[in-house]
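One structure follows; several queries about it will come next.
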Amino acid sequence: MALVTANKKNLILVSGRAHPQLAQDVAKELDSELLETEARTFANGEIYARFGESVRGADAFVIQSHTHPINEWLMEQLIMVDALKRASAKRITVVAPFYPYARQDKKGRGREPISARLVADLYKAAGADRIMSIDLHASQIQGFFDGPVDHLFAMPVLLEHFQKSLSSDDLTVVSPDMGRVRVADIWSDKLGAPLAIIHKRRDPRVPNQVSVHEIVGEVEGRVCLLVDDLIDTGRTIQKAAEALKKNGAKGVVVAATHAVFSDPATEVLQDPSIDQVVVTDTLPLPDHKRWDRLTVLPIAPLLGRAIREVFDDGSVTSMFDGQA
């Protein structure tokens, strides 16, 4: 069912199959309902999608979380966008809380693709007018899409949790690498805590492997809050936590927006060096990927407010004034 306003604009929420609970939570935030959708995968892997009512002239938002198998869910979202375009939706916004292929945002060596740009081109070719995503791995991805990109930040959601649960008296915010220093510095200001930085080096021949070299900043006797945009296999975070504990940290808490949790993340993150992990539900987390020291915060209120701002031609930027 579409949400219709007094000026006859109608907002339609469409959900892929990757994370239906998140889409339902967003619909609840908007006091709306998800559009009835028939979606299925044929025996050969091809995907089919059809909507149960007219979308002509609608402002449509297509919500999909890009978890494993990421290529299937990306294709499903593209097919849904194409179906909306061919059904005469007035404007189509791709809502991809975790932007697919975001870590492939540049060429590090010759003959490599820039897959994040390719994904943006695919969205455009399918008929998307706008993209909405949370905590892009690289801000430059905003420039890959020929149209508006609403870059949302989960920091307010995470900050609210830590302002209630951690004391700033013995807290140090830690950036797990040089690339996240700017974000960690904002965290440091917001929490009134000093900043530390971990210098690390990756072996380009071995994916998902990292070695920690040194820690810049005071961590001895302090609770260290490691902040990052995503956790994949967890090995980087685990090594960082080990290094912090070896340098005298009395506690290590990890905060990240996207819980990718590729195997063996759940085992790695339960290492004794990590006292707590806090993430949001931008990606689905089944029961077997949860444990007692994991906290999952809802992201639907943030997405719901952003969708409302876009629908009402308001300001998404105003949601994060002073945050990033």
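The values are calculated or read from the model by the stated rules, or taken from the named source; none is laboratory data. None of these values were measured; they are calculated from a predicted model. All Cβ positions, even for glycine, are placed from backbone atoms using ideal geometry, and neighbour counts span all protein chains on display.
Does S15 satisfy the condition of being outside the structural domain of T257 (by TED's automatic domain parsing), among the hydroxyl-bearing types (S, T, Y) and within 18 Å of A128 (Cβ to Cβ)? Please lay out each step first, then the result.
Values: outside the structural domain of T257 (by TED's automatic domain parsing): yes; among the hydroxyl-bearing types (S, T, Y): yes; within 18 Å of A128 (Cβ to Cβ): yes.
Yes.
Looking at A265, A256, A306, A240, which one is more than 19 Å from the chain's Cα centre (by Cα) and either within 30 Å of H199 (Cβ to Cβ) or surrounded by 18 or more Cβ atoms within 10 Å (Cβ to Cβ) (or both)? I'd like the intermediate steps shown before the answer.
Details: A265 fails: more than 19 Å from the chain's Cα centre (by Cα); A256 fails: more than 19 Å from the chain's Cα centre (by Cα); A306 fails: more than 19 Å from the chain's Cα centre (by Cα).
Only one candidate qualifies: A240.
Being more than 25 Å from the chain's Cα centre (by Cα) and not hydrophobic (A, V, I, L, M, F, W, C) is the filter; apply it to the stretch 212-233 and report the residue that is modelled with the lowest pLDDT.
Among residues in the stretch 212-233 that are more than 25 Å from the chain's Cα centre (by Cα) and not hydrophobic (A, V, I, L, M, F, W, C), the one modelled with the lowest pLDDT is H213.
Shifting gears a bit: May I ask you to list the residues in the stretch 286-324 that are in a helix (DSSP H, G or I) and farther than 15 Å from L22 by Cβ?
Taking the stretch 286-324 as the starting set, the residues that turn out to be in a helix (DSSP H, G or I) are 287-289, 300-311, 317-320.
Listed by number, the residues that qualify are D287, H288, K289, R308, E309, V310, F311, T317, S318, M319, F320.
State whether one or more residues within the stretch 274-285 are part of a loop (DSSP other than H, G, I, E, B) and in contact with a Gly (Cβ under 6 Å, 6 or more places away or on another chain).
Our first condition is that a residue be part of a loop (DSSP other than H, G, I, E, B); within the stretch 274-285, this holds for 274-275, 281-285.
Then keep just the ones that are in contact with a Gly (Cβ under 6 Å, 6 or more places away or on another chain); that gives 275.
Yes, the stretch 274-285 contains a residue that is part of a loop (DSSP other than H, G, I, E, B) and in contact with a Gly (Cβ under 6 Å, 6 or more places away or on another chain).
Moving on. Starting from the stretch 251-270, keep only residues that are at positive phi, then list their pairs with residues that are modelled with pLDDT of 95 or more and among the basic types (K, R) whose Cβ atoms are within a distance under 6 Å, requiring at least 6 positions of separation or different chains.
These pairs meet every condition: F261/K289.
Would you call D121 touching a residue at least 24 places away in the same chain (Cβ under 8 Å) and acidic (D, E)?
Working: touching a residue at least 24 places away in the same chain (Cβ under 8 Å): no; acidic (D, E): yes.
No, not satisfied.
To continue, here is another question. If a residue counts only when it is farther than 21 Å from V81 by Cβ and at pLDDT 95 or above, which strands (runs of 3 or more DSSP E) contained entirely in the stretch 113-175 have at least 1 such residues? Give the steps one after another, and end with the answer.
Working: elements: 130-134, 149-152, 171-175.
So the answer is 171-175.
Residues in the stretch 175-196 that are polar (S, T, N, Q) and within 20 Å of D321 (Cβ to Cβ): how many? Even if it seems obvious, please write down each step before you answer.
The initial filter retains those residues of the stretch 175-196 that are polar (S, T, N, Q), namely 175, 188.
Subsequent filtering for residues that are within 20 Å of D321 (Cβ to Cβ) retains 188.
Result for the stretch 175-196: 1.
Would you pick out the residues in the stretch 216-229 that are part of a strand (DSSP E or B) and surrounded by fewer than 19 Cβ atoms within 10 Å (Cβ to Cβ)?
Restricting attention to the stretch 216-229, the residues satisfying the condition of being part of a strand (DSSP E or B) are 216, 223-229.
Scanning the stretch 216-229 gives a single hit, V216.
Can you pull out the residues in the stretch 268-283 that are surrounded by 23 or more Cβ atoms within 10 Å (Cβ to Cβ) and not hydrophobic (A, V, I, L, M, F, W, C)? Walk me through how you get there before you give the answer.
We begin by selecting, within the stretch 268-283, every residue surrounded by 23 or more Cβ atoms within 10 Å (Cβ to Cβ); these are 269, 274, 277, 279-280, 282-283.
Selection gives T280, T282.
Looking at the stretch 52-70 only, could you name the residues that are part of a loop (DSSP other than H, G, I, E, B) and small (G, A, S)? Steps first, please.
So in the stretch 52-70, the residues part of a loop (DSSP other than H, G, I, E, B) come out as 52-58, 64-69.
Those that are part of a loop (DSSP other than H, G, I, E, B) and small (G, A, S): G52, S54, G57, A58, S65.
How many residues are touching a Gly at 6+ places or on another chain (Cβ under 7 Å), under 30 Å from D232 (Cα atoms) and of a type in the set (D, E, K, R) when one looks only at the stretch 28-78?
Final tally of qualifying residues: 2.
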